[in-house]
Amino acid sequence: MLRRKPIPTGWKAEADTGLKRNITTVQLASFGIGSTIGTGIFFVMAEAVPEAGPSVIISFVFAGIAAGLAALCYAEMASSVPVSGSTYSYAYATLGEFAGMAVAGCLLLEYGVSTAAVSVGWSGYLNELLGDLHIPQIPHALTAAPFDDDPGAINLPAMILVGMCAILLIRGASESARANAIMVFIKIGVLAMFAVIAFTAFNDDNLTPFFADGAHGVTLAAGTIFFSFIGLDTISTAGEEVKDPQRTMPRALIAALITVVLVYVLVSLAAVAAQPSSEFAAQQDAGLAQILNNVTGATWPSLVLSAGAVISIFSVTLVTLYGQTRILFAMGRDGMLPEFFTRVNPRTLTPVNNTIVVAIVVAILAGFIPLDYLADMVSIGTLVAFIVVSLGVIILRRREPDLDRPFRVPLYPLTPILAIAACGYILYGLHWYTFVFFGLWVSAVLVFYLVWGRHHSALNTGRPDPLQAAP
C-alpha cells in the first residue's frame, strides 16, 4: 500500500502512451479558464456582497491568493510529474498507492458531481434564454421527493448537454480544446461587456462604507468566493496530451490563474459600484443580468449575458468531463481499474470507453437526481486534492532534491504551507455531514482497492508502463 510509482523524467515525459500530444499552451490555459469561470461568478455576488459589502472586491483578491498558492504547487508538481491523472498521479508518486487511490476517489467525486450539477445549471439558463421555446422536463416518479405524491422530472436539457460534450470529446482532444478556447473567448467578452455597461453607472456612494462588516466580513466572503476558483486543477489532467508538458503546464496554470483573478475583480468592482450593496441579497437568480436591466432599462443586455452564461457553463461541462476521463485512463494504466479504461481509439487517439462510461453516469445524475445538497461534496474533494498537492511538493523536495523541476514554487516552503493552511481553514467551515458522506464514499473506493486494485496493480504484476519503457 505504500509502494510508489517511479516518476518519469526527461525523454520519459514525452513517451508514447497512446494519447496524442497536440494541445498548446494557449489551449491548455483556456481549459483552466473554461472550467473555472462558470456558474460561480454569475451567482456568487448575491451571496458574498451581503457578507462583506463593497469590500467584497478585497475578498476576491484574498480568495484568488488562496487559490493561487495551490496553483503554484500544482505548477511545480505538473512540471515534475508531467503525466495524466492530476492529483492522483502526484499522490501515487509521493505518498504511495493507498493514498493515491484515496485521492482518486476525491477527484472522481469532484469531477463527477460537479459536472452533473453544472449541467443542471445550464438547463435553467438555456430555458430562460429560449423563453416560450424552452425544452420541457419529462415527469418521472424516480425524481419525486420522498413522501411526495407529485412526480419529479427528468432534466432532459442537462442530459443533452452531457451527450453533446461526450461527442465532442470522442472526436478528439484538440477539437475539444479549440472549441473550448472559442467559448472561453466568448464568456470573457460577455463579462467584459457587463463591466463596461455597469461602469457607466459608477457611483462613489455605493462604495461607502467600504468595510461594511470589517475584516470578518472580508474573510467570510472570501470563503464563499473561493469555490468560484475551483477548476484550475483540470489543467493537470492533460499531462500526456500537451506539447512540452514540463514547461507548458506551469505556464498554462499561472496564465489561467491571473486571467481568472483579473476577470473576477473587474466584474465585482463594476457590480458593487453600480448599485447599493443592500440590493444584492434579493438577486439570487441571474443577479448580473438584473444589474444590467437596472442600468440600461433594456432587456437585450441581460439576454446577451444569459447567452454568455449558457456558453460558459457548456465549456465547464466539457472540460470537467474531459478531466474525469483522463483520470480513469491513468488509473487503468496503473492497474487500479480494469484494462477496459486504457483502450484508446486508433483513429481519434481518445479514450472512447472512458468518455462513454462517464457520460452515461453523469447524464443519469444530472437527469434524475437533485444535486443541490451535494455542492459541499464537490468542495471537500477539491480542497483535499489541493492539500495533497501542496504536501506532495514538500515531500518531493526532501525525497528527491535533484529531480528536474522546470518550475519551482517561489518562497518555498512558505508557499505550500500557506496553501495547506488556507485549504484547511475552509475545510473547517464545512458541515459535519459533508465529512460523513465524504468518508463513506472514500471508504468505498478504498475497499475496492483492497479487494481488487492492489492485486492488479502494475507495480504488483510487473506489467510494463509506457512512461517507464526504454527509449
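What order do you get for 299-310, 249-260, 392-403, 322-333 when each peptide is scored by the mean count of other beta carbon atoms within 10 Å, highest first?
The most tightly packed comes first, giving 322-333, 249-260, 299-310, 392-403.
Order by neighbour count: Glu339, Glu47, Glu110, Glu97, fewest other Cβ atoms within 10 Å first, most last.
So the residues, fewest neighbours to most, are Glu339, Glu47, Glu97, Glu110.
Is the range 239-355 rounded, prolate or oblate when judged by the Cα gyration tensor, a ≥ b ≥ c being the square roots of its eigenvalues, rounded requiring a/c under 1.5 and prolate requiring a/b larger than b/c?
Because a/c hits 1.5 or more and a/b exceeds b/c, the range 239-355 counts as prolate.
Hey, can you rank 269-276, 383-390, 70-77 by average C-beta count inside 10 Å, highest first?
70-77, 383-390, 269-276
With contacts defined as alpha carbon pairs under 8 Å and 6 or more residues apart, what's the relative contact order of the range 21-446 in percent?
36
Express in nm, to one decimal, how much length is gained between Ala281 and Arg178 on full extension, taking 0.36 nm for each residue of separation and deducting their alpha carbon distance.
Length difference between fully extended and current span is 33.3 nm.
Take the alpha carbon atoms of the range 395-431, find their center, do the same for the range 45-120, and report the distance between the two centers in whole angstrom.
The distance from the Cα centre of the range 395-431 to that of the range 45-120 comes to 13 Å.
If the range 285-345 were replaced by its equivalent ellipsoid, with semi-axes equal to the square roots of 5 times the Cα gyration tensor eigenvalues, what would those be, largest first, whole Å?
Ellipsoid semi-axes (Å, largest first): 44, 9, 5.
Once a ≥ b ≥ c are taken as the square roots of the eigenvalues of the Cα gyration tensor of the range 21-446, is the result rounded (a/c under 1.5), prolate (a/b larger than b/c) or oblate (a/b not larger than b/c)?
oblate
Every number in this text was worked out from the coordinates using simple rules, so none of it is lab data. These figures come from a predicted structure and were not determined experimentally. All Cβ positions, even for glycine, are placed from backbone atoms using ideal geometry, and neighbour counts span all protein chains on display.
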